[in-house]
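Everything below concerns the one structure shown next.
No lab work stands behind these numbers, since they all come straight from the coordinates. Everything numeric in this text was worked out from a predicted model, so none of it was measured. Here the Cβ is made from the backbone with ideal geometry for all residues, glycine too, and neighbour counts use every protein chain on show.
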């Protein structure tokens, strides 16, 4: 643990509209996949904490759900999580996409909230690999007129361009402080949380537009068996009977694909062979059920 004079440490929130690349950027900065990634909006549902420790600093990243107009109780929970983080961190990273031609209503809504906080805000323009430099310069000027950002840093989270510069800028804004986590710790998320998010990501990836965000995953059991095999039993919840047929697939083929892809990542996470036992259950309109959301950890007791 590093508590030397001059060592910097602090908490950094990633905020923005859904699907602007917050999870991808966080994973890139810490050098490992911790938050699930999907081209579907509103993928992240909880605050995911990741830790980057360098020789002179420790940055604790909080990846928040995308801020959007909620359509159900789960959506309300997700937006509240994101907004509350503004006041809990040392720096806010506000992500937007390089391909935007104007500052949209969604971004303006977030900017108005950011104007009300004292926390320094860095504007991160992501996906710069998709636009020409002249377009990027015009976008920087456009956003500079909307808010007094502490810094504006263009990056490509996908290929890593300028991400090291962003980490350097962030480090300079953090206060001097202690090292909160050990050198080798990269997340405070329990294994159960990461495992269920891995499974949910594979459902989103393989079913594409056929299954909306009405999927939740619960880990019912993790148990060490003989020969160092880890048994994991998980339930995939959906809202309609028709969705169950899509996830299971003909002769169970889709569920087998989901399990095979998820098992590989879970084995890398746990460092051992895994037997993944997947079940699919229908829970009607679960996104509007207070009791179910509480049981799944989306609401306080």
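Please list 247-253, 125-131 highest first by mean number of surrounding beta-carbon atoms within 10 Å per residue.
The most tightly packed comes first, giving 125-131, 247-253.
Out of every Cα pair in the range 110-149, what percent are spaced more than 15 Å from each other?
45
Based on alpha-carbon atoms only, what is the radius of gyration of the range 191-295 relative to the globular estimate 2.2 N^0.38 Å?
Computed over Cα atoms of the range 191-295, the ratio equals 1.06.
Using only C-alpha positions, report the orientation-averaged shadow area of the convex hull of the range 142-231, nm², one decimal.
Taking a quarter of the hull surface, the average projection is 11.4 nm².
Along the principal axes of its C-alpha atoms, what lengths does the range 104-257 span, in descending order and rounded to whole Å?
For the range 104-257, the Cα extents along the three principal axes come out at 56, 41, 31 Å.
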